[in-house]
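*Asks:* I have a structure here, written as structure tokens, and I will follow up with some questions on it.
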Amino acid sequence: MKDKRKENERKFHYWNELPGGGRRYIYEVPGKRGWKAKYVKEVNDREETMRFYQEIYDDQGNLAEIHEKYPEDKGHRKVRKGK
């Protein structure tokens, strides 16, 4: 577990603790035209991946899309209408 935790801490910019000893790791990537993406990985207390998804934010910082990738790839889901 320690090795997985250290690896996740190295790969992701931020994290916060979840109830039950798990963590939510976040990696932020700037995009084109002021948009950005956040990759979010949620793990249990044994650092096993429980959920992985991508959040897309527009140039105003509003959440525009979510792409759930794990445990099931559900594709992109628009949160609000684009410009």
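*Asks:* Taking only the alpha-carbon positions of the range 35-83 and ignoring solvent, what does the Debye formula give for the base-10 log of I(q)/I(0) at q = 0.29, 0.32 Å⁻¹?
*Replies:* -1.02, -1.13
*Asks:* OK, next. Can you give me the angle between helix 2-11 and the longest principal axis of the chain, using Cα atoms only, in degrees from 0 to 90, rounded to the nearest 10?
*Replies:* The answer is roughly 20 degrees.
*Asks:* While we're looking at this one, here's another question. Here is the link list: 36/69; 38/78; 6/38; 6/41; 36/74; 6/78. Which ones come out longer than 23 Å on Cα distance?
*Replies:* Long pairs (Cα-Cα over 23 Å): 6/78.
*Asks:* Aspartates and glutamates near residue 4 by alpha-carbon distance under 16 Å, same-chain residues fewer than 8 away left out - which ones?
*Replies:* Qualifying aspartates and glutamates at Cα under 16 Å: 17, 42, 45, 47, 48.
*Asks:* Here's a follow-up. Based on DSSP H runs of at least 4 residues, each adding -39500 (n - 2.57), what is the mean residue ellipticity at 222 nm of the chain after dividing by all its residues, to the nearest 500 deg cm²/dmol?
*Replies:* Result for the chain, helices only: -3500 deg cm²/dmol.
*Asks:* What number comes out for the charge environment of residue 51, summing +1 per Lys or Arg and -1 per Asp or Glu over other residues with Cβ under 14 Å away?
*Replies:* -1
*Asks:* What share of all Cα pairs of the chain, in percent, falls into each consecutive 5 Å distance bin?
*Replies:* 3, 14, 23, 22, 17, 12, 6, 2, 0
*Asks:* While we're looking at this one, here's another question. Stretched out fully, how many nm does the piece from residue 11 to residue 59 gain, at 0.36 nm a residue minus the Cα gap?
*Replies:* 14.8 nm
*Asks:* Follow-up. Just grab the label-to-label distance for residue 18 and residue 44, each label 7 Å out from Cα along the Cβ direction, in nm (one decimal).
*Replies:* 1.1
Any read-out appearing in this document is the output of simple, stated calculations on the displayed coordinates, not a laboratory observation. Worth saying up front: this structure is predicted, and the values here are computed from it rather than measured. Note that each Cβ is placed from the backbone with ideal geometry, even for glycine, and that neighbours are counted across all protein chains shown.
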